[in-house]
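This report refers to the structure that appears directly beneath it.
The values are calculated or read from the model by the stated rules, or taken from the named source; none is laboratory data. Quantities reported herein were computed from a predicted structural model and do not represent experimental measurements. Every residue, glycine as well, gets a Cβ built from its backbone with ideal geometry; the counts of neighbours run over all protein chains shown.
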């Protein structure tokens, strides 16, 4: 039995050309960027003013219309209650996590919402972060289709390397809602390394320091002849330039309270202060000091801040990123001086204190000849092309966080340690605690801490039907598999008797299947047609593969056939090709089945001959235990 | 875990290709007729990566083989293929990663070799020490670490443990070269403890550094 907690292969989507152009999307906390690569040369999609950055801000109006980007940002001041920004910080998070962040988030939470996933109250609606992200993706898709003059159906979407499983699934769900097929989720620093490395023919050990609006990643990679091998990764999914803004905003608000003698801060004041703080941060990245005015309801306060003051406010956050860099190097057993170059990614790396501390730690000036806002999307675009057209480069990534299950006493037993290359499958055996125990609760966790309650809970399920045995006699084998997108599937089996059973999967923070189905019905206008298109494309891929396979078999062994048989097989192949040209999925399947029937006896004769030659000592196939070039 | 494969005539093992239904050699990665990717089969890690089954493994050679196989088998190469091909590539890449992970680490590689020779070695769980000398040594080291209360002192113990690990790796290579599997088994146990000790030292150093 296979118990799927996530569905990495749930919709094994076709990637044929009918699915449209493939782009790279950097879905950022503050800004998002779309890029496309054609014949190896990537280009960022830009608006009329030449900007590639689309603010990850969504404005909802009472009439149901949705505006994304700069136009939405403009409404932040006038109608803040209708605008959502920085929603990426909530991806995959439960109501409990978000309460802990309360006060630092520009959201109004829907306290009445049921279920594990947090909901936002916006313009009279109750929305999940997945839906808000889907609105951003939908807008990006529309903008890309407009500028490319073609359908965009597939994308490589980047996620912070340190995103946990829940946040990754949430991102994939958002893409599904937006009608985008995810070719691959790629970690942001890995995408940046790909873009930088290919452009500069980089070789050796590189660190990618990626400080975005809401997330921090540090990845250590080895680049060698087109191979990008991640050795270790670390970070903090809730640390970014937003936190710099909050530090400054709090400082401004404290000043304002003193100046005006106010005790209570209104939400409008908080929003204003946050926007002013962002301006101050950007200004102080190039200038030594500045003065800002916050005006709400006609009440003004003036604020002076210089570079030193700013740096003192954000020093703790920057220190934390350096500490995380140290941990990652230690994990990889690497000294700072071994690192050949440091690539800076993310708009927040423009802050001079960040650059200075990174340079100090690694003992070298970071590489600044790249656009830190765009490099991730460029890498994603290159990977999208590699996945659809083909490529010589190879990305080998790792799991950012350890995965394990809870055992007696609330202690976590790790099944897959962090920094393990993916895809990976590892199994661990567990046993029963009591005589005659017939069921076992399995609690899947992600994180590095020893106790279950200190880690992220990913899912709970139960294995039933364990035959009565004395305590400790049963052997429950739990297998964790992480696919190339970094998504986890868990299965459990009692091995002494072969009992394979499962029930009750309860994703702790994700959307349930019902919720997902409801959202698809609610918000995707063409959900059914879209699904049908995917299934049709998939059937075509399979049918073409079947025809090619038979053609190869004919080339090799057609002497085994009589003329009549050959004619019959060719007719069946033509039948498949005709069906593929049409749009009837059932007709395609029927034609493939007919081809299968027409070649059955041919296949048997080929096998007979193969086995006879093998027994005669003639190897039917070259042993491929040495690498000799590529296909 | 892979079983020790019997020495066999590789050509004698012929299975039908799932795609074109024709004959494929048991260990082929791709069907020689239709080119379809095949399943990973039940190979030992050395065979999977095309390396001789012995302790001495050159990191550069291991990397070269691993990258070479991943270039052909990684799921990124099959993103536009049929679901079956994608699934097979995922299983192949997973098997390669398991082999690479086991062989690149000298301790895991040694334990794996001992297992292939029919000896029971458990690298993950603690088990018991029945070697009195090792027991003594590990107790002394642990005590010294527990008493260390500065970053510098812990760092010194850590360097010592790391030096011991490096020495044991050399001894391990020598033991395997001399085909002395008893000695290799003893060294594997020793390395396990040294590794744990070094981990503890690193954790303690990080804790002390954070307190500063």
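Is the range A:430-450 home to any residue that is modelled with pLDDT of 90 or more and in a loop (DSSP other than H, G, I, E, B)? For the range A:430-450, residues modelled with pLDDT of 90 or more and in a loop (DSSP other than H, G, I, E, B): absent.
Residue count for the range A:179-230 satisfying the condition of being more than 14 Å from the chain's Cα centre (by Cα) and away from chain B (no Cβ under 14 Å): 24.
Scanning the range A:581-631 for residues that are in contact with a helix residue (DSSP H, G or I) (Cβ under 8 Å, 6 or more places away or on another chain), modelled with pLDDT of 90 or more and facing another protein chain (nearest Cβ under 9 Å) returns A:596, A:599, A:602, A:603, A:606. Does residue A:399 count as within 14 Å of chain B (Cβ to nearest Cβ) and either in contact (Cβ under 8 Å) with a residue 60 or more places away in the chain or at positive phi (or both)? Criteria met by residue A:399. Of the set (1) more than 20 Å from residue A:422 (Cα to Cα); (2) more than 11 Å from every other protein chain (Cβ to nearest Cβ); (3) in contact with a helix residue (DSSP H, G or I) (Cβ under 6 Å, 6 or more places away or on another chain), all apply to residue B:22 but (2).
For residue A:462, the test of being away from every other protein chain (no Cβ under 14 Å) and not in a loop (DSSP other than H, G, I, E, B) is passed. Of all the numbered requirements in (1) outside any helix (DSSP H, G or I); (2) farther than 21 Å from residue A:418 by Cα, residue A:334 misses one, and that requirement is (2).
When residues in the range A:45-63 are screened for being outside any loop (DSSP other than H, G, I, E, B) and under 20 Å from the mean Cα position of the chain (by Cα), 3 of them pass. So in the range B:169-182, with the set limited to residues that are part of a helix (DSSP H, G or I) and without any contact (Cβ under 8 Å) to a residue 12 or more places away in the chain, which one is surrounded by the most Cβ atoms within 10 Å (Cβ to Cβ)? Among residues in the range B:169-182 that are part of a helix (DSSP H, G or I) and without any contact (Cβ under 8 Å) to a residue 12 or more places away in the chain, the one surrounded by the most Cβ atoms within 10 Å (Cβ to Cβ) is B:174.
Check the range B:159-168 and report whether any residue there is closer than 18 Å to residue A:333 by Cβ, in contact (Cβ under 8 Å) with a residue 60 or more places away in the chain and in a helix (DSSP H, G or I). Checking the range B:159-168: not a single residue is closer than 18 Å to residue A:333 by Cβ, in contact (Cβ under 8 Å) with a residue 60 or more places away in the chain and in a helix (DSSP H, G or I). Just to verify a result, which residue in the range A:1-29, among those that are at pLDDT 90 or above and either assigned to a loop (DSSP other than H, G, I, E, B) or not assigned by TED's automatic domain parsing to the domain that holds residue A:152 (or both), is farthest from residue A:381 (Cα to Cα)? Residue satisfying both the conditions and the ranking: A:29. In the condition set (1) out of contact with any strand residue (DSSP E or B) (no Cβ under 8 Å at 6 or more places or on another chain); (2) in a helix (DSSP H, G or I), residue A:283 is compliant with all but (1).
Looking at the range A:493-516, is at least one residue at pLDDT 75 or above, assigned to a loop (DSSP other than H, G, I, E, B) and within 14 Å of another protein chain (Cβ to nearest Cβ)? Within the range A:493-516, one or more residues are at pLDDT 75 or above, assigned to a loop (DSSP other than H, G, I, E, B) and within 14 Å of another protein chain (Cβ to nearest Cβ).
In the set (1) surrounded by 24 or more Cβ atoms within 10 Å (Cβ to Cβ); (2) more than 13 Å from chain B (Cβ to nearest Cβ), residue A:386 fails one condition alone, (2).
The single condition among (1) within 14 Å of chain B (Cβ to nearest Cβ); (2) surrounded by fewer than 15 Cβ atoms within 10 Å (Cβ to Cβ); (3) farther than 19 Å from residue A:214 by Cα that residue A:320 does not meet is (3). Of all residues in the range B:87-117, those satisfying the criterion of being in the same structural domain as residue B:31 (by TED's automatic domain parsing), surrounded by fewer than 22 Cβ atoms within 10 Å (Cβ to Cβ) and over 12 Å from the mean Cα position of the chain (by Cα) are B:87, B:91. Restricting attention to the range A:231-263 and to residues that are farther than 23 Å from residue A:354 by Cα and either within 14 Å of another protein chain (Cβ to nearest Cβ) or crowded, with 19+ Cβ neighbours inside 10 Å (or both), the residue that is modelled with the highest pLDDT turns out to be A:231. Residue count for the range A:417-459, restricted to those that are within 14 Å of chain B (Cβ to nearest Cβ), over 23 Å from residue A:496 (Cβ atoms) and over 25 Å from the mean Cα position of the chain (by Cα): 1. The residue that is surrounded by the fewest Cβ atoms within 10 Å (Cβ to Cβ), among those in the range A:362-375 that are within 12 Å of residue A:339 (Cβ to Cβ) and under 29 Å from the mean Cα position of the chain (by Cα), is A:367. Scanning the range A:64-81 for residues that are assigned by TED's automatic domain parsing to the domain that holds residue A:346, at pLDDT below 90, over 24 Å from residue A:485 (Cβ atoms) and assigned to a strand (DSSP E or B) turns up nothing.
Select from the range B:64-107 the residues that are free of Cβ contacts under 8 Å to residues at least 24 places away in the same chain and farther than 30 Å from residue A:543 by Cβ and write down the one among them that is farthest from the other protein chains (Cβ to nearest Cβ). By that ranking, first place goes to B:105.
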